[in-house]
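A quick write-up on the structure given underneath.
The values are calculated or read from the model by the stated rules, or taken from the named source; none is laboratory data. Just so you know, these numbers come straight off a predicted model, no measurement behind them. Counting neighbours? That spans all protein chains shown, and the Cβs are built from the backbone with ideal geometry, glycine included. Only protein heavy atoms, including side chains, enter the accessible area calculation; ligands, DNA and RNA are left aside. Shrake-Rupley method; radii C 1.70, N 1.55, O 1.52, S 1.80 Å.
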Amino acid sequence: MASVHESLYFNPMMTNGVVHANVFGIKDWVTPYKIAVLVLLNEMGRTGEGAVSLMERRRLNQLLLPLLQGPDITLSKLYKLIEESCPQLANSVQIRIKLMAEGELKDMEQFFDDLSDSFSGTEPEVHKTSVVGLFLRHMILAYSKLSFSQVFKLYTALQQYFQNGEKKTVEDADMEPTNREEGERKMEKEELDVSIREEEVSCSGPLSQKQAEFFLSQQASLLKNDETKALTPASLQKELNNLLKFNPDFAEAHYLSYLNNLRVQDVFSSTHSLLHYFDRLILTGAESKGNGEEGYGRSLRYAALNLAALHCRFGHYQQAELALQEAIRIAQESNDHVCLQHCLSWLYVLGQKRSDSYVLLEHSVKKAVHFGLPYLASLGIQSLVQQRAFAGKTANKLMDALKDSDLLHWKHSLSELIDISIAQKTAIWRLYGRSTMALQQAQMLLSMNSLESVNAGVQQNNTESFAVALCHLAELHAEQGCFAAASEVLKHLKERFPPNSQHAQLWMLCDQKIQFDRAMNDGKYHLADSLVTGITALNSIEGVYRKAIVLQAQNQMSEAHKLLQKLLIHCQKIRNTEMVISVLLSVAELYWRSSSPTIALPVLLQALALSKEYRLQYLASETVLNLAFAQLILGIPEQALSLLHMAIEPILADGAVLDKGRAMFLVAKCQVASAASYDPLKKAEALEAAIENLNEAKNYFAKVDCKEQIRDVVYFQARLYHTLGKTQERNRCAMLFRQLHQELPSHGVPLINHL
């Protein structure tokens with residue numbers, strides 16, 4: 001189940017979606033790229049309405065804003081963007097820039113003199129207060145302030161910019177013939193978003209204030225909502241280093257560097273950037289100018305709080321607790337209730353394994369509601385529901401609590417928390433063994449996210465909630481034997497969350513577990529053993545458990561028993577009830593495979609008691625299935641059959657295909673064992689019913705390609721057909737058994753004696 005406190009990280013760059021960057025200290029200046037944009041604007045003004053179609057003008061207008069706000073790009077890229085919107089205008093711009101670059105300095109002077117005419121007349125081409133008008137006025141003012149030597153350098157840079165663009169255009173023409181129909185093609189939304197990419201970075205100098213703010217806000221938004229569209233960690237860090245080289249005191253660049261280093265789990269660099277952010281925030285006086293000493297203190301306490309969150313994320317709980325104590329002390333001195341509420345939430349995260357942690361959580365929710373902090377209140381409710389789910393509370397009470405938190409989400413438009421809530425419901429239904437409900441909730445989340453988009457064409461579906469829902473979908477499909485569908489879901493996950501993204505570990509673990517289960521079903525224990533290493537790297541408890549399963553399948557009983565006992569003690573210590581029950585079931589199986597079914601009974605009863613106490617219905621049904629098998633081995637098949645009637649309904653309704661097959665196989669075994677004392681006619685009917693159940697079990701096993709279980713089923717069918725005197729059917733099953741037995745040789749375990 002995903003952690004719901006990931007969103008508690010304090011992000012000073014974004015408040016209600018608005019980036020607050022401090023004064024960068026660098027005004028706009030004229031660059032060759034901006035001259036090219038000015039030429040584009042001038043040509044758009046000179047071109048009559050009839051010369052350019054309405055659709056082309058609309059595309060050009062959509063293109064302008066990212067061109068004005070974004071960083072400088074190469075001339076060839078600019079030509080390409082204009083050509084995709086309006087080929088005719090692209091040709092005019094290209095000719096105009098060529099004449100200016102290959103002409104004389106006075107041509108550039110005359111161009112800037114003519115720009116002022118755009119504002120003249122009773123109906124000017126451009127309004128002074130519009131976005132384009134402000135850009136033109138800034139450029140005219142910046143150019144007029146240049147000295148003669150600076151104007152000459154600008155003209156030289158323009159010539160170099162033009163020559164580089166021409167070389168790039170010639171190279172592209174040699175590699176691929178130009179397609180004239182490309183300009184007629186409809187421009188996609190993503191192409192309009194001129195976001196910075198590695199190959200587009202062309203300016204070696206510093207960005208202007210507006211360009212820097214736009215770059216930082218764009219990358220911060222992408223890191224939060226759609227990490228795949230952001231720059232790669234190395235490229236982003238290179239750009240940030242370039243920004244900081246010209247202005248080391250730019251605090252927000254340090255904070256984005258901190259977020260970027262978190263992506264690659266670099267604890268040293270992320271700590272370094274975080275501390276630099278708050279140091280620069282204090283040095284520049286961004287907060288203390290308006291708030292006096294209060295602004296200084298606010299930076300200090302939020303610095304300590306963020307440091308605590310950082311250490312907690314990397315598992316450094318002792319350092320996190322020290323930093324949190326410092327944040328609490330400063331917040332109490334300043335009487336900052338908002339900061340104290342954040343601290344209280346993180347106190348719960350650090351101490352959530354303690355038995356009294358729910359007291360902290362309940363207090364946090366009450367205080368957050370009192371101080372009007374719906375975001376924190378909702379996160380607290382989500383965490384409380386998660387804790388109560390692990391404590392075994394009924395599903396209806398948990399869903400009622402989540403309904404109350406959903407009201408908060410919709411009331412305050414907290415879309416991110418709506419996603420978390422639905423992902424939480426998906427995980428709770430899976431925990432309780434209701435796969436159909438879990439599937440419904442996961443699909444609901446995917447449908448909601450596909451409809452909601454944020455700025456710049458970014459779909460807000462690359463969050464942790466989305467990854468969790470997709471992983472649940474992949475596992476649910478794999479459990480039902482739909483491996484092709486599960487593979488498609490995993491393929492989509494890999495595209496959405498590349499290996500270097502922060503949520504990639506979720507699908508990596510899911511993929512490894514599905515591969516492991518398939519290898520075990522296919523009897524390829526060597527392959528399953530090789531996958532254990534990868535699972536252990538992502539989840540140590542799951543890895544140890546899977547290693548024990550492989551050892552047990554390879555008949556290394558003593559090694560498997562030692563591993564399971566160690567794991568059982570550890571899971572009981574950390575209160576991982578779900579894993580405790582799974583380990584107890586594996587220990588019981590190990591006992592009866594070692595011909596000690598009587599020792600397995602107390603272990604199974606302990607597992608059943610835990611399953612009932614924590615309302616884990618599916619695990620309870622699986623435990624009853626194992627109890628019935630133990631009774632069958634002990635020679636009381638009638639009681640085993642009555643137990644099966646209790647457990648089989650939830651398994652057939654919500655269980656995995658493999659468990660359905662095992663249940664039907666066990667029913668057939670119990671029917672055969674019970675029929676031993678029947679009269680011949682009734683016995684024949686019971687054996688026929690058992691054969692039908694075996695056919696159903698074989699179909700289930702075939703869906704998950706479980707050849708070992710299919711071998712056992714056809715062996716049992718051959719025996720039954722022999723008893724009924726059906727020679728042809730017996731021979732067919734015997735031949736199939738022989739083929740499977742040669743492919744999967746037994747390991748000395750009696751075929752009838754394992755579930």
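Points to keep in mind about this one:
- Area of Tyr700 that stays accessible when all protein chains are in place (1.4 Å probe, Å², to 10): 40 Å²
- Note on Ile574 and Asn555: their simple-model spin labels are 3.4 nm apart, each label 7 Å out from Cα toward Cβ.
- Cα gyration tensor, the range 32-170 - rounded (a/c under 1.5), prolate or oblate: oblate
- Karplus 3J(HN,Hα) series, Hz, for the range 616-628 with 6.51 cos²θ - 1.76 cosθ + 1.60 (x for Gly, Pro): 8, 4, 5, 5, 5, 5, 5, 5, 4, 4, 5, 4, 4
- Simple spin-label estimate for Leu407 and Gln332 in nanometres, 7 Å along Cα-Cβ: 3.5 nm
- The range 558-596 and the range 45-119 have Cα centres separated by 72 Å.
- Prolate/oblate/rounded call for the range 616-754, Cα gyration tensor, a/c under 1.5 rounded: oblate
- Estimated at 0.36 nm per residue, the fully extended path between Gln163 and Leu99 surpasses their Cα-Cα distance by 21.8 nm.
- Out-of-range pairs (alpha-carbon distance over 31 Å; input Lys562/Lys703; Lys660/Lys682; Lys425/Lys562; Lys411/Lys612): Lys562/Lys703; Lys425/Lys562; Lys411/Lys612
- For the range 616-754, the carbon plus sulfur part of the accessible surface works out to 54%, probe radius 1.4 Å.
- Sorting the segments 433-445, 234-246 by their mean number of nearby beta carbons within 10 angstrom, highest to lowest, gives 433-445, 234-246.
- Here the simple spin-label model places points 7 Å from the Cα toward Cβ, and for Ala484 and Glu692 these points are separated by 3.1 nm.
- Efficiency of FRET from Cβ geometry, Glu495 and Lys153, R₀ 35 Å, rounded to 0.05: 0.15
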